[in-house]
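Below is one structure, written out as structure tokens; the observations come after it.
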Amino acid sequence: ENSSDPILRWDRDCRRLFINNAVQQIRGKSNDALLGATPDEAPLLDEASTKIMMTAIPQTFDSNQTCHVDIDFVDPNGIKHGYDMLLIPEHGADGQVKSVLGIARDITEHKQAEETVRQNEEALKEAQRIAHMGSWHLNLETNEVVWSEELYRMCDCDPELPPPDYDVSSQLYTTDSWNRLTSAMARTVEKGIPYELEL
């Protein structure tokens with residue numbers, strides 16, 4: 001009851017057996033209408049998340065395995081919150097699953113940060129497309145290369161395939177350009193000196 005995380009318990013018919021005070025505080029009203037009802041009979045979440053719960057709870061009973069589900073909740077102020085719900089099978093004296101306990105952790109800020117990163121990545125892709133400018137990243141420890149989508153287009157390479165290893169990239173340049181590039185790269189790796197070349 002003292003947990004700030006929402007905690008609920010369901011029986012095999014998906015009926016709520018227990019709801020802690022955190023749920024009531026988040027909702028701004030009593031939990032009485034929710035007890036004894038299933039997620040779809042007395043919705044606590046949005047429609048998509050309700051369907052997820054109606055599927056995940058029976059699956060937890062059947063699999064006898066702990067699982068995570070992402071759900072959304074809109075508070076009384078109309079603000080959407082994202083939650084990571086941990087579903088845990090609880091066992092009776094006979095060893096059978098008698099109930100499922102759900103503990104929800106508010107991950108709204110985390111999801112917002114992920115969405116910001118996604119939007120920034122999309123904006124970068126669009127900017128590179130418009131400017132016809134590509135970018136790449138080389139991990140010096142693993143020799144792994146990552147190309148931007150625009151670089152694939154500029155080099156007329158299949159974006160479904162991994163980019164060529166750094167050494168194989170020599171095929172994209174004239175011999176003179178490749179020699180100047182490798183010399184510049186060596187200075188950057190050794191001394192941290194950036195370079196700008198026309199190749």
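The values are calculated or read from the model by the stated rules, or taken from the named source; none is laboratory data. Computed from a predicted model, the values in this text were never measured in an experiment. Backbone-built Cβ (ideal geometry, glycine too); neighbour counts: all protein chains shown. When the accessible area is computed, the model is the full protein with side chains, heavy atoms only, and any ligands, DNA or RNA have been set aside. Shrake-Rupley method; radii C 1.70, N 1.55, O 1.52, S 1.80 Å.
Numbers below:
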item: Sulfur and carbon atoms: percent of accessible area, the chain [1.4 Å]; result: 50 percent
item: Kirkwood hydrodynamic radius of the chain, from inverse mean 1/r over distinct Cα pairs, in Å; result: 21.5 Å
item: In Å², nearest 10: area of residue 91 left accessible to a 1.4 Å probe; result: 90 Å²
item: Accessible area in square angstrom per residue, the chain, 1.4 angstrom probe; result: 65 Å²
item: GNM top mover of 110, 68, 132 - the chain, alpha-carbon springs below 10 Å; result: 132
item: Sites matching GluC sites (Glu not before Pro) across the range 169-199 that sit in DSSP coil, with at most 11 neighbouring C-beta atoms within 10 Å; result: 196, 198
item: Highest-MSF residue in the chain out of 171, 96, 24 [GNM, Cα springs under 10 Å]; result: 171
item: Probe 1.4 Å, all protein chains present, accessible-area order of 83, 173, largest first; result: 173, 83
item: Partner aspartates and glutamates for residue 191 [C-alpha distance under 17 Å; skip if fewer than 8 residues away on the same chain]; result: 141
item: Set of lysines with alpha-carbon distance to residue 51 below 29 Å, sequence-local pairs under 8 removed; result: 29, 80, 98, 111
item: Largest-first principal axis extents, alpha carbons of the range 107-185, Å; result: 51, 31, 24
item: Contact order normalised by residue count of the range 30-85, Cα under 8 Å, 6+ apart, percent; result: 25 percent
item: Alpha-carbon centroids, the range 90-129 and the range 8-73: separation in whole Å; result: 17 Å
item: Whole-percent pair-distance distribution, where bins are 5 Å wide, for the alpha carbons of the range 72-152; result: 3, 11, 11, 11, 11, 10, 9, 11, 9, 6, 5, 2, 1, 0
